[in-house]
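The values are calculated or read from the model by the stated rules, or taken from the named source; none is laboratory data. Just so we're clear, the structure is a prediction, and the values are computed from it rather than from any experiment. For neighbour counting, all protein chains shown are included, and Cβ atoms are generated from backbone atoms with ideal geometry for every residue, glycine included. For the accessible areas, the whole protein counts, side chains as well, though only heavy atoms, and no ligand, DNA or RNA atoms are used. Shrake-Rupley method; radii C 1.70, N 1.55, O 1.52, S 1.80 Å.
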Amino acid sequence: MMDVREAFLAFFESKQHARVPSSPLVPDDATLLFTNAGMVPFKSIFTGDIPIPANPRATSAQTCIRAGGKHNDLENVGHTARHHTFFEMLGNFSFGDYFKEEAIAHAWEFVTEVMKLPVEKLWVTVHESDDEAEEIWKKHIAAERIMRLGDKDNFWQMGDTGPCGPCSEIFIDQGAEHFNGPEDYMGGDGDRFLEIWNLVFMQYERNAAGELKPLPKPSIDTGMGLERATAVLEGVTSNYDSTLFMPIIRKVEALIGKPYVYATGASYRVIADHIRTVTFLLAQGTNFSNEGRGYVLRRILRRAVRHGYLLGFTKPFMFEVADTVAEVMGKQYPYIVEKLNILKEQMMLEEERFFKTIASGIELFNEELKNTKGTFSGEVAFKLYDTFGFPLDLTEDMLREKNLALDVETFETLMSEQRKRAKAAWKGSGDAHVEGDFKALLETFGVNRFIGYGYTKAPVKIQALLSESFERVDQLHALHKGWVLLEETPFYAESGGQCGDIGTLGEKAAVLDTKKFHGLNLSHIETKATISVGDTIEAIVDVSRNEIAKHHSATHLLHAALYEQLGEHISQAGSLVEHNRLRFDFSHPKAMTHEEIALVEERVNYHILHALEGMTREMSIDEAKKCGAKAQFGEKYGDTVRVVNFGTASVEFCGGIHVDNTASIGTFIIIKESGVSAGVRRIEAVCGNAAYNHFKAQRHLLEEVEASVKNRDVLAGVERLKEQIKTLKSEMATLASSAKEELPVTMMGNTAVVVAELGAGDIKERIDELKNSHDSVAVILFQIKDDKVMLAAGVKNSSVKAGDWIKTIAPILGGGGGGRPDFAQAGGKEISKISEAKEAALAYVTKELA
């Protein structure tokens, strides 16, 4: 069977296109959550932010994710034949080179002569205004097979303004024998006529007024989904029936021991799709978390686990399915094989955590069942979804077994509100999106040269000045901030975890930071006197650079020591290097022991004390890998890479600043070891001057503790204080027990009712005591704490729901809260309204028990 991916890329290479590797799923674009289309890596070229490359033609097979932000296919996955969260987009691109004639000819040649799709089954659409495209298509396909459609279907734009244009799509008729619904006509929403390739003709620029202006050099951006193309070529009508997915589905089938049937197999398909997304994101360094991309990753894994639960899985299974993803896709993407063991560990830990959550959700479900008389609460169903990750269909299945209905309307209302909140909360990646005159700078000057490996002081020429908003200016006057482009610069631009350099430009400006923009090394400055383009000035890197170099080299030694002490699964997951600290994130399934931390710290100091010489060499990537150099996924390496090694202890790809000898680092101290997310740990450490400052601070702290415990033997002093505290606690407990106030109990039928204000004591403890003292009880207690009011309700064997009771009463006190039907609590700030709240609470419980 044809390898569609390779055939596509080879075909366009034969048409003089540069083959471009797939870019990371986390894009270098602050406006996007994930890379969601093939053109994303080329966006800066299309928008004109950077110049057109030497070869204005490119082709790629780009991994993409659509599972958050504007483009989100998550809810459709598994229920349709063609929706995915992870997919590969095959594309060919022309940056102001060829246009419609060649784009259409190339596409037609590939689908008919390479893929050999039957011409009689192919159809084409063009924009209703695009006479040119239609005339070109008539050279290849019969006029009756060309359809004109409007903006909704056949006009593409990057945003509200910017490059845009009509598009043309190629469709294949999958046959009336497979699809014969009311929408299964050419132009309808059915699956019979399947779009397999979209050709975008970027020929206009839309301005803020909505007007379209022709671009001087129109471009081409095309996209063909690998999954659809493979399914069509293999003669199956669902992407999930293709060889890209069936091995994964068969693996799930084998693990659960139940046969896969397409009609009822949505859960299998969800798992097959989601495991690819999770595997690739973990392999590329995204980790599970509660925000941003890490939260999307967590939701996708948990959604798959929920569907596994529907199939009958009760323990982690996704991590085993990852093996099959590696088998299917590892040849094209070898990094998923390299990272397989550690990503499986991360996946298993996250699964274990969620299976525990599922159990908690079932507990809440069973509690609510006790209070359900026909229709299950939509609010509780939403909480099961939102807090415990239960899909609605799982809750409905559980209710069906009990012959109970669900308040779907309330659930959908709450879901709608959550979607609005989520949409409002997403503001991009959280990074600043920068626009400026970068293209003009690159075309005029090219990329400036970094000379900071050899020099920290040099006379330099100012090539360009920019305002704070990155617009070119001829001068920056005194006491203004802006950016400077130096012809040659000793200032290191922030990258690879290392912070940007600071320093001075003679007596005229302070350098506040240094960053890279589209390859340009720009320093952020604040002027003390007027500076102008063309000036020659002395650039001096701040002395803090020495401490940055120490921390960067210490990071390399730390990485090597972790690899040596903990195992070969250790892989860098992020880093930060500054003049006074370092932070290193790495893959590891559990917290390090005190002994392991001590051994790693000792090993780093061993390498420091042995004065290993630092050496940097430039070589090809293949040579570097043969040397055993460690690379980090997502870092952009050129054909030639810089390799830094300290003896044989550490060998890594690195463009950063380092010491010439490890002895310069001084002392290395691990300050903290902590968890970042499932399977990822973090070490924070200091060295050099920062280590000396740490020693000073610890010595001062010890002196303060000695004074506080009144004993030079600190441990003896602490033990004496512990004994005193133990004695005082015992005395206080005795006093509290003897002074415990009686609470008024009123019987309403068989239920003991307590509505009271508690002066002293633990409010929850008193509620538990009342529950233990009565067979049926409904209690709500109020207590003043500082300038606020605490209230809590407890219910046992009663129709009263504690959560609803609290939600009714808390607003009277200017607060809010909630909880389970058997216990709930809240806080308020209106102390003066306690009497009113007590009256309302008594009236509420009286009505509920009537």
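Taking the conditions exactly as written (within 49 Å of the chain's Cα centre (by Cα), surrounded by 12 or more Cβ atoms within 10 Å (Cβ to Cβ) and either at pLDDT 85 or above or more than 21 Å from Val845 (Cβ to Cβ) (or both)), does Leu743 satisfy them or not?
no
Could you identify the single residue in Lys402, Lys383, Lys373 that is within 19 Å of Arg302 (Cα to Cα) and among the basic types (Lys, Arg)?
When all the criteria are applied, what remains is Lys383.
In segment 756-850, which helices (runs of 4 or more DSSP H) lie fully inside it and hold 1 or more residues that are in contact with a helix residue (DSSP H, G or I) (Cβ under 7 Å, 6 or more places away or on another chain) and open to solvent by 30 Å² or more (accessible area, probe 1.4 Å)?
Per the criteria, 802-809, 834-849.
Which of the numbered conditions does Asp639 fail, given that it passes all the others? Conditions: (1) open to solvent by 70 Å² or more (accessible area, probe 1.4 Å); (2) modelled with pLDDT of 85 or more; (3) of a type in the set (Asp, Glu).
Evaluating Asp639 over (1) open to solvent by 70 Å² or more (accessible area, probe 1.4 Å); (2) modelled with pLDDT of 85 or more; (3) of a type in the set (Asp, Glu) leaves (2) as the failure.
Out of segment 389-399, which residues are modelled with pLDDT of 80 or more and either open to solvent by 40 Å² or more (accessible area, probe 1.4 Å) or part of a loop (DSSP other than H, G, I, E, B) (or both)?
Correct list: Glu396 only.
Failed condition for Tyr563, given (1) under 30 Å from the mean Cα position of the chain (by Cα); (2) of a type in the set (Ser, Thr, Tyr); (3) open to solvent by less than 10 Å² (accessible area, probe 1.4 Å), with all others met?
Answer for Tyr563: the failing condition is (3).
Which of the residues spanning segment 161-194 are part of a strand (DSSP E or B), open to solvent by 20 Å² or more (accessible area, probe 1.4 Å) and in contact (Cβ under 8 Å) with a residue 60 or more places away in the chain?
Phe193
For segment 310-386, please list each of the helices (runs of 4 or more DSSP H) lying entirely inside it that holds at least 3 residues being crowded, with 21+ Cβ neighbours inside 10 Å.
Where helices (runs of 4 or more DSSP H) fall fully within segment 310-386 and carry at least 3 residues being crowded, with 21+ Cβ neighbours inside 10 Å, they are 318-329, 340-370, 378-386.
Pairs needed: first member in segment 626-639, under 17 Å from Ile570 (Cβ atoms) and in a loop (DSSP other than H, G, I, E, B); second member anywhere, modelled with pLDDT of 75 or more and of a type in the set (Lys, Arg); C-beta distance under 9 Å; at least 6 residues apart or different chains.
Ala631/Lys625; Phe633/Lys339
Output the residues belonging to segment 95-126 that are in contact with a helix residue (DSSP H, G or I) (Cβ under 8 Å, 6 or more places away or on another chain), open to solvent by 10 Å² or more (accessible area, probe 1.4 Å) and more than 21 Å from Val4 (Cα to Cα).
Glu101
For segment 269-296, what are the residues that are within 15 Å of Phe87 (Cβ to Cβ) and open to solvent by less than 10 Å² (accessible area, probe 1.4 Å)?
If the condition is that a residue be within 15 Å of Phe87 (Cβ to Cβ) and open to solvent by less than 10 Å² (accessible area, probe 1.4 Å), then Val270, Ala272, Asp273, His274, Ile275, Arg276, Thr277, Val278, Thr279, Phe280, Leu281 are the ones that fit.
Is there a residue in segment 420-440 that is farther than 30 Å from Glu367 by Cα, open to solvent by less than 90 Å² (accessible area, probe 1.4 Å), β-branched (Val, Ile, Thr) and modelled with pLDDT under 90?
Yes, segment 420-440 contains at least one residue that is farther than 30 Å from Glu367 by Cα, open to solvent by less than 90 Å² (accessible area, probe 1.4 Å), β-branched (Val, Ile, Thr) and modelled with pLDDT under 90.
Which pairs have Cβ atoms under 9 Å, sit 6 or more apart or on different chains, and link a residue in segment 511-525 that is of a type in the set (Lys, Arg) to one that is in a strand (DSSP E or B)?
Pairs found: Lys515/Trp483; Lys515/Ser495; Lys515/Asn521; Lys515/Leu522; Lys515/Ser523; Lys515/His524; Lys516/Ser495; Lys516/Leu522.
Are any of the residues in segment 651-662 small (Gly, Ala, Ser), within 21 Å of Thr456 (Cβ to Cβ) and either open to solvent by 30 Å² or more (accessible area, probe 1.4 Å) or without any contact (Cβ under 8 Å) to a residue 24 or more places away in the chain (or both)?
Yes: one or more hits.
Yes/no matrix, rows are residues, columns are (1) at pLDDT 95 or above; (2) over 34 Å from the mean Cα position of the chain (by Cα); (3) assigned to a loop (DSSP other than H, G, I, E, B):
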residue: Asp501; (1), (2), (3): yes, no, yes
residue: Thr504; (1), (2), (3): yes, yes, no
residue: Ala510; (1), (2), (3): yes, yes, no
residue: Asp513; (1), (2), (3): yes, no, no
residue: Ser523; (1), (2), (3): yes, no, no
residue: Glu526; (1), (2), (3): yes, yes, no
residue: Ile540; (1), (2), (3): yes, yes, no
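Does any residue in segment 443-456 that is free of Cβ contacts under 8 Å to residues at least 40 places away in the same chain come within less than 8 Å, Cβ to Cβ, of a residue that is of a type in the set (Val, Ile, Thr) six or more places away or on a different chain, and which pairs are these?
Hits for this filter: Ile451/Thr489.
One line per residue, one yes/no per condition, for (1) among the charged types (D, E, K, R); (2) at pLDDT 95 or above; (3) in a strand (DSSP E or B):
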position	(1), (2), (3)
Ile548	no, yes, no
Tyr563	no, no, no
Gly574	no, no, yes
Asn580	no, yes, no
Asp585	yes, no, yes
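Could you identify the single residue in Gly48, Gly38 that is on the phi > 0 side of the Ramachandran plot, open to solvent by less than 50 Å² (accessible area, probe 1.4 Å) and part of a loop (DSSP other than H, G, I, E, B)?
Answer to the check: Gly48.
Answer yes or no as to whether Gly257 is surrounded by fewer than 17 Cβ atoms within 10 Å (Cβ to Cβ) and modelled with pLDDT under 90.
no
Which of the residues that make up segment 670-699 are part of a helix (DSSP H, G or I) and farther than 23 Å from Glu547 by Cα?
Within segment 670-699, none qualify.
I'm checking my understanding of the structure. Among residues of segment 127-160 that are in a helix (DSSP H, G or I) and under 18 Å from Tyr185 (Cβ atoms), which one is least open to solvent (accessible area, probe 1.4 Å)?
It comes out as Asn154.
Just wondering, is there one or more residues in segment 367-389 that are under 22 Å from the mean Cα position of the chain (by Cα) and at positive phi?
Scanning segment 367-389 turns up at least one residue that is under 22 Å from the mean Cα position of the chain (by Cα) and at positive phi.
Does any residue in segment 823-844 that is free of Cβ contacts under 8 Å to residues at least 60 places away in the same chain come within less than 6 Å, Cβ to Cβ, of a residue that is open to solvent by 60 Å² or more (accessible area, probe 1.4 Å) and in a helix (DSSP H, G or I) six or more places away or on a different chain, and which pairs are these?
Hits for this filter: Tyr844/Thr808.
Can you tell me which condition Ile834 does not meet? The list is (1) closer than 27 Å to Ser377 by Cβ; (2) modelled with pLDDT of 90 or more, and all the others hold.
(1)
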